[in-house]
Amino acid sequence: MTPKSQKHWNGDASTLLRATGGFRLDRVDADASPGYGRRKRDAVADLVAGADELSELQERLYASARGGTSEASVLLILQAMDTAGKGGIVRHVVGSVDPQGVQLTAFKKPTPEELAHDFLWRVRPQAPAPGMIGVFDRSHYEDVLIGKVRSLAPEEEIERRYGAIVDFEKELTDAGTHIVKVMLHISAHEQRDRLMDRLDRPDKHWKYNPDDVDERKLWPDYMKAYQSVFERTSTANAPWYVVPANHKWYARLAVQSLLLNALLEIDPRWPAASFDVAAERERLRAT
């Protein structure tokens, strides 16, 4: 479906960006804007209009859970190479809704305590509660991406983790969580330009990490690792969406569209009043 607020799509983002059978990451043009043949100006207008629709749907989702009429929630999983724009998605897309309805978790390098447990131990408690939009800024997928590329775990353990992830996400969707898994796909050239921009601007030096240059040397290995992730964990209940992200305006609009579609599928309803509206109106008039 196409959100009614985003008027300039000529295709369904949920279909066009889905990593279905036979998907090949190396065939995705990071400069493309699938399903959106308009200019940045139109995308900005659609993003603003979509923010209003997203805000209303989020409030309905939150209210339906608080009213006891729904157990539904949404989990947005953001994965990408560094500089791909995850922070921008959080600010410009998720940031348009009431923050009390958002659970944001940024998974960093595991602590010694976390490493002493199974890799999903720290993830399970962060699953969104009913009525919430959960956001994973990086996620349990780091354990099969960095783990594979950097050989931080043996191959048989990586294989086990694929299966554990599929089972975990099935548990979530069975419980009413709608999962939106997004890989923001930028080109190696675009990443170099964005890293250089951080070096050129003193106000962005704090965002620069010298380790990113070392990770760039492993770019082909990371692309292969992502391909394995799509092949092993893109399921009917929790599919992957690969969003070309060289153009930030398109990436933000596409992720907003995917979130809107998830909420429209849930179709949250305002809960009925638990009190006599007419009686309360009379009581209020009497004060």
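Restricting attention to region 241-260, which residues are part of a helix (DSSP H, G or I) and open to solvent by 10 Å² or more (accessible area, probe 1.4 Å)? Reasoning before the result, please.
Going through region 241-260, the residues part of a helix (DSSP H, G or I) turn out to be 248-260.
K248, W249, R252, listed by residue number.
Could you list all residues from region 184-217 that are of a type in the set (A, V, I, L, M) and open to solvent by 40 Å² or more (accessible area, probe 1.4 Å)? Before you say what the answer is, go through the steps one by one.
Our first condition is that a residue be of a type in the set (A, V, I, L, M); within region 184-217, this holds for 184, 186, 188, 195-196, 199, 213.
Hits for region 184-217 are M196, L199, V213.
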- Those residues that are without any contact (Cβ under 8 Å) to a residue 12 or more places away in the chain and open to solvent by less than 20 Å² (accessible area, probe 1.4 Å), I need them from region 131-183; list them, please. A153
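Where in region 147-235 are there helices (runs of 4 or more DSSP H), lying fully within it, with 2 or more residues that are within 20 Å of F119 (Cβ to Cβ)?
Details: elements: 155-174, 188-200, 211-216, 219-233.
Where helices (runs of 4 or more DSSP H) fall fully within region 147-235 and carry at least 2 residues being within 20 Å of F119 (Cβ to Cβ), they are 155-174, 219-233.
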- Item | Residue list for region 1-41, restricted to those being in a helix (DSSP H, G or I) and within 17 Å of Q256 (Cα to Cα) | A13, S14, T15, L16, K40, R41
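Can you tell me which residue among A273, A238, A278 is outside any helix (DSSP H, G or I), among the aliphatic types (A, V, I, L, M) and surrounded by fewer than 19 Cβ atoms within 10 Å (Cβ to Cβ)?
On the way: A238 fails: surrounded by fewer than 19 Cβ atoms within 10 Å (Cβ to Cβ); A278 fails: outside any helix (DSSP H, G or I).
Just a single option satisfies the conditions, and that option is A273.
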- Message: Against the condition touching a helix residue (DSSP H, G or I) at 6+ places or on another chain (Cβ under 9 Å) and within 22 Å of G131 (Cβ to Cβ), how does L25 come out, does it pass?
- Response: no
- Collect the residues in region 16-40 that are under 18 Å from the mean Cα position of the chain (by Cα) and surrounded by fewer than 13 Cβ atoms within 10 Å (Cβ to Cβ), keeping them in residue-number order. T20
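The values are calculated or read from the model by the stated rules, or taken from the named source; none is laboratory data. All values reported here derive from a predicted model rather than from experimental measurement. All Cβ positions, even for glycine, are placed from backbone atoms using ideal geometry, and neighbour counts span all protein chains on display. Surface accessibility is based on the protein's heavy atoms, side chains included, excluding ligands, DNA and RNA. Shrake-Rupley method; radii C 1.70, N 1.55, O 1.52, S 1.80 Å.
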